[in-house]
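Engineer: Handing you a structure now.
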């Protein structure tokens, strides 16, 4: 099950993008999004997010 970013909680800081070992996170305007086809379900991004904006779908 892939992770997702809540756009209303995302700070747009980019911390998650730098931490993702699968390269599944990219910037979309002011927030970030996770490509579910690339997501390895490791949870590294959720652990790194300072706003707790990332959770499993």
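Every read-out reported here was derived from the displayed coordinates using simple, explicitly stated rules and does not represent laboratory data. Everything numeric in this text was worked out from a predicted model, so none of it was measured. Positions of Cβ are backbone-derived with ideal geometry, glycine not excepted, and every protein chain shown enters the neighbour counts.
Engineer: Write out, first by first residue and then by second, each pair whose Cβ atoms fall under 6 Å of each other, whose residues are 6+ apart or on separate chains, and whose first residue, in the range 41-57, is on the phi > 0 side of the Ramachandran plot while the second is exposed (fewer than 14 other Cβ atoms within 10 Å of the Cβ) and in a helix (DSSP H, G or I).
Structural biologist: Once the first residue is on the phi > 0 side of the Ramachandran plot and sits in the range 41-57, no partner that is exposed (fewer than 14 other Cβ atoms within 10 Å of the Cβ) and in a helix (DSSP H, G or I) comes close enough.
Engineer: Which number in (1) surrounded by 14 or more Cβ atoms within 10 Å (Cβ to Cβ); (2) assigned to a loop (DSSP other than H, G, I, E, B); (3) touching a strand residue (DSSP E or B) at 6+ places or on another chain (Cβ under 8 Å) marks the one condition that residue 1 misses?
Structural biologist: For residue 1, the exception is condition (1).
Engineer: Still on this structure, please answer the following. Select from the range 18-31 the residues that are outside any loop (DSSP other than H, G, I, E, B) and out of contact with any helix residue (DSSP H, G or I) (no Cβ under 6 Å at 6 or more places or on another chain) and write down the one among them that is surrounded by the most Cβ atoms within 10 Å (Cβ to Cβ).
Structural biologist: 31
Engineer: I want to confirm something. Restricting to the range 4-17 and keeping residues that are touching a strand residue (DSSP E or B) at 6+ places or on another chain (Cβ under 8 Å) and in a helix (DSSP H, G or I), which single residue is surrounded by the most Cβ atoms within 10 Å (Cβ to Cβ)?
Structural biologist: Among those residues, the one meeting the criterion is 16.
Engineer: Residues of the range 32-47 being surrounded by 14 or more Cβ atoms within 10 Å (Cβ to Cβ) and outside any loop (DSSP other than H, G, I, E, B), which ones?
Structural biologist: 32, 33, 34, 44, 45, 46
Engineer: Can you confirm whether residue 50 is surrounded by 12 or more Cβ atoms within 10 Å (Cβ to Cβ) and part of a loop (DSSP other than H, G, I, E, B)?
Structural biologist: no
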